[in-house]
Amino acid sequence: MPLPSEAEMLSRPAPMSRLVTIYGGSGFIGRHVVRALARQGWRIRVAVRRPDLAGHLQPLGAVGQINPVQANLRYPASVLRAAEGAEVVINLVGIMHEGGKQRFDAVQGFGARQVAAAAKEVGARLIHVSAIGADANSASGYARSKAAGEAAAFELKPDVVVFRPSLVFGPEDEFFNRFAALSRLDPVLPLIGGGATKFQPVFVGDVAAAIGRAVDEKAKPGTVYELGGPEVRTFRELMQTMLAEIGRKRVLAPMPFGLADILARFAQLLPAPLLTRDQVKLLAHDNVVSAAAIAEGRTLEGLGIQPTALGAVLPGYLWRYRKAGQFSRPEEA
């Protein structure tokens, strides 16, 4: 293989000279994105409300490669400061339920607009993470705010790359971990709407890899990608898979949407609610990659990524919920 010419060497950026800013980089998806981009050699600025709580990201890269900074989406000046000097801006900020000042419209609508405006101001490329089901006409405030965030991103940065993942799973996920923990205490697990809602669980590492492809300009600008795993499962099937993995038998009780809505009225008053009325509305619709996205190659496969199956990952972190002495850790088996 011929050696690169002097001109080619001079045109290449020095190691870690290129900067990417990640808003919400300390969260579940964020830490995997940080790890992926650190391996790709990017210098990473992690914009979060509490930089003092983002220290767990430092070991994911080389010394000085990962730098947490303060930014709050409610304050545009802080958002702009965090974007200065960045070649790429990534918005991962999102919430699953509202609480205090954290409202869907404020975080996923107004906040997304501030990130897009900052990217436009500094001339950075924009990558925006939304969700399958984003719909301006949805009954769900979460879905409407996700659609508003996408609209703002396209309005201000028409070349934005948008990713819409289905249910994201991985070691720190809030789905399998939460239901596995609940199964330790409760002999009955509810199946909202009978458990017929379909999901296409996608591994968080695959989502991070897709974002890494976009950062390296291997995704089509101005495009919405839908990210799903290799399997479509119903809510009931996901619960059955989780219970089989941890070796517990529990009653899976169908719960009509009407009853679930009544229970959610009270459950959503808790600091970390297991169920909210908005989530009940979301569960009324399937959460899978669309036929159009598949036909047009706007998927993981279209980005050259082979989706990871549930069975390849779940044993690696659900072992902690198994009955004592029933199973050993996967690495000890």
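When ranked by the protection proxy of mean other Cβ atoms within 10 Å per residue, highest first, what sequence do the peptides 226-236, 175-185 form?
Highest-to-lowest ranking by the protection proxy: 226-236, 175-185.
Once amide H atoms are placed 1.01 Å from N in the peptide plane, what residues at a sequence separation of 5 or more from PHE175, or on another chain, have their amide H within under 5 Å of its amide H?
Here nothing satisfies the definition.
Among VAL115, VAL89, which comes first, then next, by fewest other beta-carbon atoms within 10 Å?
By the 10 Å Cβ count, ascending: VAL89, VAL115.
As a test, work out the antiparallel percent of DSSP beta bridges whose residues both lie in the range 14-159, rounded to the nearest 5.
Given both bridge residues lie in the range 14-159, the antiparallel proportion sits at roughly 5 percent.
Give the separation of the Cα centroids, the range 263-320 to the range 85-105, in Å.
Here the two parts' Cα centres lie 18 Å apart.
What residues qualify as long-range amide H neighbours of ARG49, i.e. H under 5 Å apart, gap of 5 or more or another chain, H built at 1.01 Å from N?
Placed amide hydrogens put ALA71 under 5 Å from ARG49.
Summarise the long-distance tail of P(r) for the range 237-309 by giving the % of C-alpha pairs beyond 13 Å.
Of all Cα-Cα pairs in the range 237-309, 77 percent lie more than 13 Å apart.
Rg and Dmax in Å for the range 115-265, alpha carbons only: what are they?
My reading of the Cα-based Rg and Dmax gives 18.3, 55 Å.
Among LEU275, LEU314, LEU80, LEU37, rank each residue by its count of other Cβ atoms within 10 Å, from fewest to most, as a rough exposure measure.
LEU80, LEU275, LEU314, LEU37
Suppose a student asked you for the relative contact order of the range 14-159, using Cα pairs under 8 Å spaced at least 6 residues apart; what percent would you report?
The value is 21 percent.
Calculated FRET efficiency, LEU263 and ARG81, Cβ-Cβ r, R0 25 Å, to nearest 0.05?
0.05
Scattering from the C-alpha atoms of the chain alone, worked out with Debye: what is log10 I(q)/I(0) at q = 0.09 1/Å?
Results for the chain at q = 0.09 Å⁻¹ read -0.50.
Please turn the phi angles of the range 112-121 into ³J(HN,Hα) values with the Karplus equation 6.51 cos²θ - 1.76 cosθ + 1.60 (θ = phi - 60°), one per residue in order, whole Hz, x for glycine and proline.
Whole-Hz 3J(HN,Hα) from phi for the range 112-121: 4, 5, 5, 5, 5, 5, 5, 4, 5, 4.
Going by amide H atoms built from the backbone, whose H comes under 5 Å of the H on LEU126, apart from near neighbours?
For LEU126, whose amide H was placed from the backbone, the distant partners under 5 Å are VAL89, VAL161.
Have a look at ALA47, ALA284, ALA147 and tell me which one the Gaussian network model of the chain (Cα, springs below 10 Å) gives the largest fluctuation.
ALA284
Over all alpha-carbon pairs in the range 14-159, figure out the percentage whose distance exceeds 24 Å.
Result: 27 percent of Cα pairs exceed 24 Å.
Placing +1 on the Cβ of each Lys and Arg and -1 on the Cβ of each Asp and Glu in the range 218-333, which of ALA244, TYR321, GLY222 has its Cα farthest towards the positive end of the resulting dipole?
Among ALA244, TYR321, GLY222, the one farthest towards the positive end of the dipole of the range 218-333 is TYR321.
Rounded to the nearest 0.05, what FRET efficiency is calculated for GLN240 and ALA136 with R0 set to 35 Å and r the Cβ-Cβ distance?
Using R0 = 35 Å, I get an efficiency of 0.50.
Sequence gap at least 6, Cα distance under 8 Å: using those rules, report the relative contact order of the chain to the nearest whole percent.
With pairs under 8 Å counted, the relative contact order is 15 percent.
Return ILE29, ILE294 ranked ascending by Cβ neighbour count within 10 Å, so the fewest neighbours appear first.
ILE294, ILE29
Could you compute the FRET efficiency for GLU121 and ALA284, with r as their C-beta to C-beta distance and R0 at 51 Å, rounded to 0.05?
The value I calculate is 0.85.
Here, each number is a calculation from the coordinates, and none is a lab measurement. Treat the numbers as computed from the prediction; the structure is a model and nothing was measured. Counting neighbours? That spans all protein chains shown, and the Cβs are built from the backbone with ideal geometry, glycine included.
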